[in-house]
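Read the structure below first, then the notes.
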Amino acid sequence: MALGIPLDIAEILNFVAIESGTKIEKVHLNTNISDELGIVGDDFHELIEAYSNKYHVNMDEYLWYFHSEDEGVNIWSFIFKPPWKKVEKIPITPQMLLNFAAKGKWLVVYPEHKVPTNRNDITYSNCLWLVLIIGFLVACYI
């Protein structure tokens with residue numbers, strides 16, 4: 001490895017296998033990391049963060065919601081769509097990771113889109129949880 005850039009695809013395949021907890025035999029050049037390996041939410045974000053740190057890839061242009069969904073259950077997402085449900089998913093493959101590492105920059109060209117800066121789905125979910133916890137505490141106190 002020179003300057004943090006992988007010398008070949010085998011290194012990236014091994015990296016993806018280790019970071020995802022997947023057997024190396026399941027990881028190929030065009031494996032869709034999210035869909036085929038089931039790496040979503042926080043696990044996907046941790047893999048991408050480890051990748052950017054290890055291979056010194058500038059992630060300024062990275063938009064997570066095109067590649068993975070949120071972690072956990074969001075009961076309000078059926079009313080207020082989260083960002084990842086408002087865009088068409090773009091798969092990430094080990095081949096793409098190799099190419100980006102060689103260039104030192106995240107090179108996905110995202111389509112024009114509009115995603116609101118506020119997350120009503122999370123706000124309402126948090127409010128619901130707060131009401132349930134307060135209700136539980138009141139019930140226990142009475």
Among 29-39, 56-66, the order from most to least packed when residues are scored by Cβ within 10 Å on average
29-39, 56-66
What lysines sit close enough to K54 to cross-link, taking a C-alpha to C-alpha distance under 28 Å and skipping anything fewer than 8 places away on the same chain?
K23, K26, K89, K103, K105
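Every number here is computed from the coordinates shown, using simple stated rules; none is lab data. Quantities reported herein were computed from a predicted structural model and do not represent experimental measurements. Positions of Cβ are generated from backbone atoms using ideal geometry, with glycine treated the same way; all protein chains shown enter the neighbour counts.
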